[in-house]
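The values are calculated or read from the model by the stated rules, or taken from the named source; none is laboratory data. Note that the structure is a prediction, hence the values are computed from the model and not measured. For neighbour counting, all protein chains shown are included, and Cβ atoms are generated from backbone atoms with ideal geometry for every residue, glycine included. Only protein heavy atoms, including side chains, enter the accessible area calculation; ligands, DNA and RNA are left aside. Shrake-Rupley method; radii C 1.70, N 1.55, O 1.52, S 1.80 Å.
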Amino acid sequence: MMRSLLVRGMLVGLAAAAVALAIAWIYGEPQVGHAIAFEESGAAGHAHHGAAAEHAEEAPVSRAAQRTIGLITAMGFYGVAVGGLFAIAFAFAYGRLGTLGARATSALVALAGFVAVVLVPFLKYPATPPAVGNPDTIGGRTALYFSMVALGVLATTAAVIVGRRLAPRLGVWNASVVSAVGFAVVLAVVFRLTPRPDAVADGFPATVLWDFRVASLGVQIALWATLGLLFGHLTERSLARRPSPEAVAA
């Protein structure tokens, strides 16, 4: 059963990556092109004390390869990896969330995964177009981002556990409200204490930055929504085809 779920998760993750790839091509890639044009115009060099000159050297991978085979490969590997981890999380959650079926469990796991892995770090460190951030801060910003991802996973898991333990005493609704408020308070405190480096060059077009961040969030929404809905649908069909224990015994 676990092997079947894992294979299904990786295949569904690949399909979800294809949907997300379409969003990235249509909405994200034009903003990346605008960001590169801004850097090449020389404005970024004045904002980052010569950082543009450092980037002016010919890139080892051409722009055409980056937005085609590079993007396809990256999204494919990302989708397969997320799909496999999603299947493991589903296997752990299924049957432990009351009377929820496969579809509802899959949808909730996808929602929790999106909040933990995408939304929490995005609220603190939103996506920045490539070729715009100061290269001297890449290492620090990467460490901060993945630290926020880890925090999102831990905080979301804790909120689910607390909600389940409070449900028998407070009821499902009240327990959910309490855990959600605690989740928000923890994030507010962490957001207040963690640094936020300025990674965008002065004078960078605000509309391009906004459109890029909306597109980045849209890519993740498309991936996680497809993953949760399609995985739940296929798993429910698979479970419906399996004979019941009573029939096997008979």
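Among (1) among the aliphatic types (A, V, I, L, M); (2) closer than 30 Å to ALA37 by Cβ; (3) open to solvent by 80 Å² or more (accessible area, probe 1.4 Å), there is one condition VAL200 misses while meeting the rest; what is its number? If we test VAL200 against (1) among the aliphatic types (A, V, I, L, M); (2) closer than 30 Å to ALA37 by Cβ; (3) open to solvent by 80 Å² or more (accessible area, probe 1.4 Å), just (3) comes out false. Of the residues making up segment 203-238, just one is charged (D, E, K, R) and surrounded by fewer than 13 Cβ atoms within 10 Å (Cβ to Cβ), namely ARG237. In segment 129-138 there is no residue that is open to solvent by 40 Å² or more (accessible area, probe 1.4 Å) and closer than 30 Å to ARG237 by Cβ.
Scanning segment 79-118 for residues that are part of a helix (DSSP H, G or I), hydrophobic (A, V, I, L, M, F, W, C) and open to solvent by 60 Å² or more (accessible area, probe 1.4 Å) yields LEU85, ILE88, PHE92, LEU108, LEU111. Scan segment 175-207 for residues that are out of contact with any Lys or Arg (no Cβ under 6 Å at 6 or more places or on another chain), at pLDDT 85 or above and part of a helix (DSSP H, G or I) and the total you get is 19.
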